[in-house]
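Written below as structure tokens is the structure these notes are about.
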Amino acid sequence: MHSPAFSPRSLIIVLLAVLLMTTSLSGCASMKSWLGIGGEEIQLPADSLAMKGMDEFDVGNYRAALKYFDEILNTYPFSPQAMLAELKAADCNYFMGNYAEALVLYKKFEERYPTNEAIPYVLYQIAMCSYQQIDRIDRDTSGATKSIRDFTRLIKAYPDSPYTDEAKARIKAATEFLVNHEYLVVEFYLRTNKDLEAKTRLTYLINTYPDASITPQAKALLARLEAGDKMGFNLSSWFSGLAKLPDWRIFSIGKNK
């Protein structure tokens, strides 16, 4: 004997009952619609959004991942997944090259969760947001200055963190960048026949950065200027190869092991 078929009305009632039971058990918010009624998509629970976001993040689809993390923050701001979403939203922006946006998000995370175990990483990323914006030495040097400040803050707060050695190496690279900028200013003074200003700048460089890679060359140049030499057409040879930020890995402790 065949069971009687459900009428359309009975089927809808059963489906709604299952939906209500599922929603209650999962603890998630009610869905925006059922089966796309009204053209709206089904609202996923926070844990599903987090898993989908991490799946996209792990394969480098940062833009897609960010949509999931933002949805968690917008729809479930007080859920356990919200803290993860805040941190990964910052990471997504960072890896997409949106350093200003990432910096804001990392700082917000630090303010909200100052004792979280991820804070050493967050401090490292705060410094990296500035480090990644270091430009040519003939332009703005604030990225180098800020990154040195923030890497130093990380080292002082968490001297034994996994990021300490790399932070120290990047500080040295950023410092070399600043020294090279100072040295480039000397070239500007010499090309505009301001030898006195060039000598003053060289003296400052030598005294402030005695261990910098360029310092021996700066000392030699200062000695030539004090001897009354005119650099003339030889000037370019004293200032070549200074445009880029040095590779931090040449200052890494691990490189010398």
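What's the total number of residues in segment 223-252 that are without any contact (Cβ under 8 Å) to a residue 60 or more places away in the chain and among the basic types (Lys, Arg)?
Qualifying residue count for the region: 2.
Can you work out which of the residues in segment 174-199 that are charged (D, E, K, R) and crowded, with 18+ Cβ neighbours inside 10 Å is nearest to residue 131 (Cα to Cα)?
Of everything passing the filter in segment 174-199, 176 is nearest to residue 131 (Cα to Cα).
Looking at residue 69, is it assigned to a helix (DSSP H, G or I) and over 25 Å from residue 157 (Cβ atoms)?
It is true that residue 69 is assigned to a helix (DSSP H, G or I) and over 25 Å from residue 157 (Cβ atoms).
Going residue by residue through segment 136-156, is there one that turns out to be outside any helix (DSSP H, G or I), at pLDDT 95 or above and touching a helix residue (DSSP H, G or I) at 6+ places or on another chain (Cβ under 7 Å)?
no
Which residues, counting only those in segment 72-105, are over 19 Å from the mean Cα position of the chain (by Cα) and either assigned to a helix (DSSP H, G or I) or in contact (Cβ under 8 Å) with a residue 60 or more places away in the chain (or both)?
The answer is 72, 73, 74, 75, 81, 82.
Condition first: within 30 Å of residue 165 (Cβ to Cβ) and either part of a helix (DSSP H, G or I) or among the acidic types (Asp, Glu) (or both). Can you find one or more residues in segment 227-242 that meet it?
no
On the given criteria, is residue 72 at pLDDT 95 or above and of a type in the set (A, V, I, L, M, F, W, C)?
Yes, satisfied.
Residues in segment 184-205: is at least one under 20 Å from residue 118 (Cα atoms), acidic (Asp, Glu) and in a helix (DSSP H, G or I)?
no
Within 20 Å of residue 148 (Cβ to Cβ) and touching a Gly at 6+ places or on another chain (Cβ under 8 Å): which single residue out of 125, 133 fits that description?
Selected residue: 133, the only one of 125, 133 that is within 20 Å of residue 148 (Cβ to Cβ) and touching a Gly at 6+ places or on another chain (Cβ under 8 Å).
State yes or no: is residue 167 in contact (Cβ under 8 Å) with a residue 40 or more places away in the chain and under 24 Å from residue 107 (Cβ atoms)?
Here the answer is yes, as residue 167 does meet what is asked.
The values are calculated or read from the model by the stated rules, or taken from the named source; none is laboratory data. Just so you know, these numbers come straight off a predicted model, no measurement behind them. Counting neighbours? That spans all protein chains shown, and the Cβs are built from the backbone with ideal geometry, glycine included.
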